[in-house]
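Just so it is clear, none of the values below were taken in a lab; they were calculated from the coordinates. All of these numbers come straight from a predicted model, not from anything done at the bench. A quick note on method: Cβ atoms are made from the backbone with ideal geometry, for glycine too, and the neighbour counts reach across all protein chains shown.
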Amino acid sequence: MSIKKEFSIKEPENSPTPTPDTVIKTDKGVEYSVGEIQHSKRILKSATPKGDLSWYVKWISSMFILMAVMMRAQDGEQFQTADRILSLIGCMGWTWVGLLWKDRALIILNGIIVFALGSALLGQFIRWL
């Protein structure tokens, strides 16, 4: 059983492995038993890796997509190219995250979006020439 770094374990004496009665204390001083954490619906446990390459790519890509949405929300066509470029960068990042996580849904969704945005930008560039 792996416990995150932010927890310190106070194991009962004569207990080599954590049991449901093992108490875990958070950095903020809150104490939980292992059983409470395992069966809790109010304690959220992240399913995605934290602190590795995919974590950084995920958040940076999300920022690009949020900036693209801000561009899209503005009236006028002057932001359309910026929207497409930012969306393309964000979706390329999420495709990479999908590959790192071996998550087919992320790969397929973002791969198709990258193709569509790339085609639109290429067509726009050709018309500009």
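Tell me whether region 53-128 comes out rounded, prolate or oblate; compute the Cα gyration tensor, take square roots of the eigenvalues as a ≥ b ≥ c, and use a/c under 1.5 as the rounded threshold. Oblate is the answer for region 53-128, as a/c is 1.5 or above yet b/c matches or exceeds a/b.
Judged by the gyration tensor of its Cα atoms, with axes a ≥ b ≥ c, the chain is prolate; a/c meets the 1.5 cut and a/b is the larger of a/b and b/c. Placing unit charges on the Cβ atoms only, positive for Lys and Arg and negative for Asp and Glu, gives region 14-129 a dipole magnitude near 160 debye about its Cα centre.
Scan the chain and report its longest stretch carrying no trypsin sites (Lys or Arg not before Pro) that are both in a DSSP loop and have at most 14 other Cβ atoms within 10 Å. The reported range is 51-101.
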